[in-house]
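> Can you read through this structure? Questions will come right after.
The values are calculated or read from the model by the stated rules, or taken from the named source; none is laboratory data. What you see is a predicted model; the values in this text were computed from it and never measured. In this analysis, Cβ positions are derived from the backbone assuming ideal geometry, glycine residues included, and neighbour counts consider all displayed protein chains. Note: areas computed on protein heavy atoms with side chains; ligands, DNA, RNA excluded. Shrake-Rupley method; radii C 1.70, N 1.55, O 1.52, S 1.80 Å.
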Amino acid sequence: LRSSDLLVRPAPKEKSKLIGQISRLKGHGITDEMIKGEFSNLTQDILFRQNNKQLYKECYQIIRAGIVDADLANEIDYMYYYEYGRVYYNQGNYTMAKPYFKNALKFQPNNVDLTGIFVNVIGQSLRNEKNTKTILDSMVSYQTNFPSLTGNNNFNTMVATAHVMQ
């Protein structure tokens, strides 16, 4: 018997179920930071090291089903959408990254890092668009749905340029 045999790590889905279950023990020695930390570890292992998007989605759904605290659920949702979007962003797939960052913005609309990445994603996803009306309509839609974007100078420049082009 080796010492490594004693350290049996649960499979990702089993671990996800445990994370969801222990989240209910908040106030009994379990904190939100512990749960978010475990979810972050799972994210690093499954999404970034293994690049297994389907397993990550399934683990997120399992964890999310076990969480009853609304604030913690929102934090986990934000982390899921942000990190999923970041994978696509890092792979240069801006069109796929966009809906994940849009969802993350719903949870943290004033997050400066997220706003900067999302503005870059918008620009990259529209760079090959030839129809100026489509570009302007998209920019106005983002401006309406995400007012915090107007605090980003690059976004404001993109909106102004879209108006001039139209």
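> In the stretch 46-80, which residue that is open to solvent by less than 60 Å² (accessible area, probe 1.4 Å) and assigned to a loop (DSSP other than H, G, I, E, B) is farthest from Leu25 (Cα to Cα)? Write out each step before concluding.
Keep residues of the stretch 46-80 that are open to solvent by less than 60 Å² (accessible area, probe 1.4 Å), which gives 46-47, 52-53, 55-56, 58-60, 62-63, 66-67, 69, 72-73, 76-80.
So of that shortlist, the ones also assigned to a loop (DSSP other than H, G, I, E, B) come out as 52, 67, 69.
On the way: Asn52: 29, Ile67: 10, Asp69: 11 Å.
My answer is Asn52.
> Looking at (1) assigned to a helix (DSSP H, G or I); (2) at pLDDT below 95, which one does Asn128 not meet, given that it meets all the others?
Every listed condition holds for Asn128 apart from (1).
> If you don't mind, there's one more thing I want to ask. Within the bounds of the stretch 92-115, is there any residue that is charged (D, E, K, R) and surrounded by fewer than 17 Cβ atoms within 10 Å (Cβ to Cβ)? Step through it out loud before you land on a result.
First, the residues of the stretch 92-115 that are charged (D, E, K, R): 98, 102, 106, 113.
Checking which are surrounded by fewer than 17 Cβ atoms within 10 Å (Cβ to Cβ) leaves us with 106, 113.
Within the stretch 92-115 (the criterion being charged (D, E, K, R) and surrounded by fewer than 17 Cβ atoms within 10 Å (Cβ to Cβ)), the answer is yes, since at least one residue qualifies.
> Among all residue pairs at least 6 apart or on different chains, which show Cβ distances below 9 Å where the first residue, located in the stretch 143-166, is farther than 16 Å from Asn110 by Cα and touching a residue at least 24 places away in the same chain (Cβ under 8 Å) and the second is in a helix (DSSP H, G or I) and among the polar types (S, T, N, Q)?
Sorted first by the residue in the stretch 143-166, then by its partner, the pairs are Ala162/Thr132; Ala162/Ser138; Met165/Thr132; Gln166/Thr132.
> Filtering the stretch 1-26 down to residues that are open to solvent by 70 Å² or more (accessible area, probe 1.4 Å) and assigned to a loop (DSSP other than H, G, I, E, B), which residue is modelled with the highest pLDDT?
Arg9
> Just a yes or no: is a residue in the stretch 117-131 under 30 Å from Thr31 (Cα atoms), without any contact (Cβ under 8 Å) to a residue 12 or more places away in the chain and surrounded by fewer than 18 Cβ atoms within 10 Å (Cβ to Cβ)?
No: zero hits.
> Does the stretch 152-166 hold any residues that are part of a helix (DSSP H, G or I), in contact with a Leu (Cβ under 9 Å, 6 or more places away or on another chain) and either open to solvent by 90 Å² or more (accessible area, probe 1.4 Å) or among the hydroxyl-bearing types (Ser, Thr, Tyr) (or both), and which are they? Walk me through how you get there before you give the answer.
Residues of the stretch 152-166 part of a helix (DSSP H, G or I): 153-165.
Of the ones still in play, those that are also in contact with a Leu (Cβ under 9 Å, 6 or more places away or on another chain) are 155-156, 158-159, 162-163, 165.
Matches in the stretch 152-166: His163, Met165.
> Further question: List pairs: first residue in the stretch 28-51 and free of Cβ contacts under 8 Å to residues at least 40 places away in the same chain, second residue of a type outside the set (Ser, Thr, Tyr) and outside any helix (DSSP H, G or I) anywhere in the structure, Cβ distance under 8 angstrom, at least six positions apart or on different chains.
Going by the 8 Å Cβ cut-off, the qualifying pairs are Ile46/Asn52.
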